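Novice: Just dropping this structure here.
The values are calculated or read from the model by the stated rules, or taken from the named source; none is laboratory data. None of the values given here were measured: they were computed from a predicted structure. Reconstructed Cβ throughout: ideal geometry from the backbone, glycine too, with neighbour counts over all protein chains shown. The protein model used for the area step is the full one, side chains on, heavy atoms only, and it has no ligands, DNA or RNA in it. Shrake-Rupley method; radii C 1.70, N 1.55, O 1.52, S 1.80 Å.
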Amino acid sequence: MHDRIRPQPGILDITLYQGGKAAIDGRPDAVKLSSNENPFGPGERAIEAYRRAGHALHRYPSTDHAALRAAIASTYGLDPARIICGVGSDEIITFLCQAYAGRGDEVLYSQHGFLMYRISALAVGATAVTAPERDRSTDVDAMIAAMTARTRLVFVANPNNPTGTMLSRAEVTRLADALPPAALLVLDGAYAEYVEGYDGGASLVDARDNVLMTRTFSKIHGLGGLRIGWGYGPGHVIDVLNRIRGPFNLSTTQLEVAEAALGDTEHLDRSARENARLRAWLQRALTDLGVKCDRSHANFVLARFETEAEAEACNAHLLSEGLIVRQVGSYGLPEALRITVGDEPACRRVVHAIAQFRGER
Ligand SMILES: *Cc1c(COP(=O)(O)O)cnc(C)c1O
């Protein structure tokens, strides 16, 4: 640390976020299953909109995102006035911490919760508080026990990353019912589209004045590289977040591609269908190989080994076979590997390599 020029308290406690490994030297055939990306990429409509957007790059973008908000609202049956769009849902998480938490305040999430909650909480000098999980699932009783009068934000990813587990609607409602007076519950729905019949928490948002939902174009829409997400919340919260949002936080390209992606139901349906089919196949194959995994509700599975050393060795073998999966020691799960559900050839390669690994030992 510099002796005079110092950042705000909390910032040096942030561990640099390590993204999923993207490539292997000398392996152009490597398959990346480390960042929960859609194996089919973006849809054709999104790609076309991206090309078209090039012609208008000299224009400043919309500041109110009215067209994208209207499209989101009509797709999901929401109130467009209570939607806010950001640079990934990460930016919505950042806004929430900036607006509602500071020194002396607590930001609560579960033991294996998404890393951005901790990073955004520490960035504003707030205290990050975790509640233990039960069998890698958010434990509502433990979350409630960890709430205090200082709790300002409670983050729950549903389904959660990296565990893939999910709370029932009744459990989420029970958590919402127990919120301290000054706290806001944030339901992170990054993987909501992979859960059939799930609204990401939108109906709970509509029923309360202290629940907000975040969503993203990074996962099922296959647009992680473009950085677009959104939030849906009570009017008083959206008003606050819009005050700190940069007026030009999203480019015209981001806005138009996202809008086009929303309308590509064919791409979305295919992505969800293939994910469900291959996820079930992958979980079954891993279980048959004696590798434990909880039932996943997202586009990845968490494979659990007996020890950290075994997970390390399996990861090394997968890399030698050109397969990149995610080590999740930074999430407190060093004995596990998170594997994105790829396309069918990728899933077969992973299972084949893990079978080799298990046989070799
Ligand atoms: C991937 C992911 C996000 C999405 O982040 P973006 O900034 O929208 O790309 C949000 N929450 C969780 C739990 C995730 O896994």
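Novice: May I ask you to compute the full-extension gain from Asp239 to Ala309, defined as 0.36 nm times their residue separation minus their alpha-carbon distance, rounded to one decimal in nm?
Specialist: Values: separation 70, 0.36 × 70 = 25.20 nm, distance 4.91 nm.
Fully extending the segment from Asp239 to Ala309 adds 20.3 nm.
Novice: Additional query: At 222 nm, what value in deg cm²/dmol follows for the chain if DSSP H runs of at least 4 each add -39500 (n - 2.57) and the sum is divided by all its residues, to the nearest 500? Walk me through the numbers on the way to the answer.
Specialist: Values: 12 runs with 140 residues, N = 361.
Taking each H run of at least 4 residues, the total per residue is -12000 deg cm²/dmol.
Novice: Additional query: How much of the DSSP beta bridge set in the stretch 44-262 is antiparallel, as a percent to the nearest 5?
Specialist: Numbers: 9 of 26 bridges.
So the antiparallel bridges amount to about 35 percent of the total.
Novice: Okay, next question. Give me the accessible area per residue for the chain, probe 1.4 Å, as a whole number in Å².
Specialist: Values: 16120 Å² over 361 residues.
Spelled out: the 1.4 Å probe surface of the chain, per residue, equals 45 Å².
Novice: Can you tell me the FRET efficiency between Arg174 and Ala67 if r is taken as the Cβ-Cβ distance and R0 is 35 Å, rounded to the nearest 0.05? Before the final figure, lay out each step's value.
Specialist: On the way: r = 38 Å, r/R0 = 1.07.
Once the sixth-power term is evaluated, E becomes 0.40.
Novice: Please calculate the 1.4 Å probe accessible area of Ser203, with all protein chains present, and give it to the nearest 10 Å².
Specialist: Number for this one is 40 Å².
Novice: With each pseudo-label sitting 7 Å past Cα toward Cβ, what's the Thr75-Thr252 distance in nm, one decimal?
Specialist: 2.1
Novice: I've got another one for you. Search the structure for amide H atoms under 5 Å from the amide H of Arg134, placed 1.01 Å from N in the peptide plane, and list their residues when 5 or more places away or on another chain.
Specialist: Amide H to amide H, under 5 Å and 5 or more residues apart or across chains, Arg134 pairs with Asp139.
Novice: Once you have all Cα-Cα distances for the chain, histogram them in 20 Å bins from zero and send the whole-percent values.
Specialist: Values per bin, smallest distances first: 29, 58, 13, 0.
Novice: Once label points are set 7 Å from the Cα along Cα→Cβ at both Ala272 and Lys292, what is their separation, rounded to one decimal in nm?
Specialist: Inter-label distance under the simple model: 3.2 nm.
Novice: Which order do you get for Ile244, Ile119, Ile93 if you rank them by accessible area with a 1.4 Å probe, largest at the top?
Specialist: Numbers: Ile244 70, Ile119 35, Ile93 0 Å².
Heavy-atom accessible area, descending, gives Ile244, Ile119, Ile93.
Novice: Roughly how far apart, in whole Å, are the Cα centres of the stretch 148-208 and the stretch 1-24?
Specialist: When both Cα centres are located, 28 Å separates them.
Novice: Next question. Using only Cα atoms, locate the centre of the stretch 115-143 and the centre of the stretch 29-79, then give the distance between them in Å, rounded to an integer.
Specialist: So the two Cα centres are separated by 30 Å.
Novice: Something else about it: Once neighbouring chains are kept in place and the probe is 1.4 Å, which whole percent of the accessible area of the chain is contributed by carbon and sulfur?
Specialist: So the carbon and sulfur contribution to the accessible surface is 50 percent.
Novice: Where in the stretch 1-60 are there chymotrypsin sites (Phe, Trp or Tyr not before Pro) that are in a DSSP coil and have at most 13 other Cβ atoms within 10 angstrom of their Cβ? Write down the numbers at each step before the final one.
Specialist: On the way: sites: Tyr17, Phe40, Tyr50; in loops: Tyr17, Phe40.
Within the stretch 1-60, the qualifying chymotrypsin sites (Phe, Trp or Tyr not before Pro) (loop, at most 13 other Cβ atoms within 10 Å) are Tyr17.
Novice: Here is a further query. To the nearest 10 square angstrom, how much accessible area does Lys32 have with a 1.4 angstrom probe?
Specialist: Number for this one is 70 Å².
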